[in-house]
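Presented below is the structure to which this report refers.
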Amino acid sequence: MLTHPLASRLRQLKLSGMLLSLENRAAQAADGQLSPTEFLALLLDDELERRGQAKFSRAMQESGIEASKTLAQFDFSAAPQLNRTLILELANAGFVGRAENILLCGPTGTGKSHLSHALAFEALKRDHSVWVRPAHRLFADLNAARADGGYRRRFGRLCALDLLVIDDLGLRPLSPQASEDLYEIIRERYERHSLIITSNRALHEWPEMFSDSLLASAALDRLTHHCRTIVIEGQSYRQRGRRKEEAPIAAPAESL
């Protein structure tokens, strides 16, 4: 359809995507005796759907969400104490609209990161702006932005996101500067935008992550005010999988 008489006009209007379905829609209009208005509506719906898909793909790529970490792929049977009803409720992303936070705590390998990515994916599907970043990378990027003059822009972007996911907080020690950055992120986002934070530290250990006790108190007071704290217990998925692979195969019984 690149040589269709309308091609140049559609390109001028930045509607060249319509060329992909123009022939099929024209045949459908002829067969179904559609009015010009109905025919145009179908073409516009096609264009809106293509733009929506392209926008979502760009947002997904920028977000840092791992596409394989969805709720459909999460093994709830491996975390029987987890409130599945609550997780499915959170998947509606209503907490984002209410600027509530979610804290996911528990040992390494119990699915905290998977759940955070899955909830972020559900929020992205509902047209919320979302970023997922490991804690060490987030603070390293902010520190690098100070050196190249981009700190204000980077920090402003973090504060304006509808949902920011900070993964594996406390896995590595926080420098005094990172502690201050974390406090500022929490303070700026408080009652404006949502945070999801995952950590293998129990909540009572979180003050130890900060370089200053007053800073820790102020940060955690805001962070936990409008918040759901979910503790996931159990064994590591990865270690369970390794043990299954290493399990000896029983020898066949000898025939008598």
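Every number in this text was worked out from the coordinates using simple rules, so none of it is lab data. Every value quoted in this text rests on a predicted model; they were computed, and no experiment measured them.
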Obtain the radius of gyration and the Kirkwood radius of the chain from its C-alpha atoms and give Rg over Rh. 1.14
For region 64-233, what does the relative contact order come out to in percent, with C-alpha contacts under 8 Å and a separation of six or more? 34 percent
For region 5-13, in order, what is each residue's ³J(HN,Hα) by Karplus, 6.51 cos²θ - 1.76 cosθ + 1.60 with θ = phi - 60°, in whole Hz (x at glycine and Pro)? x, 8, 4, 5, 5, 5, 5, 4, 8
Using only Cα atoms, find the angle between the long axis of helix 237-246 and the longest principal axis of the chain, and express it within 0 to 90 degrees, rounded to the nearest 10. 80 degrees
Under 12 Å Cα to Cα from K69, which aspartates and glutamates show up? Leave out anything in the same chain fewer than 8 places away. E122
Which of the aspartates and glutamates could be linked to K112 by a straight reach, that is with a Cα gap under 15 Å, when you skip same-chain ones fewer than 8 residues away? E66, D75, D167, D168, E233
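Could you give the length gained by full extension between Q73 and R228, i.e. 0.36 nm per residue of separation minus their alpha carbon distance, to one decimal place? Mind showing how you got there, number by number?
On the way: separation 155, 0.36 × 155 = 55.80 nm, distance 2.24 nm.
Value of the extension gain: 53.6 nm.
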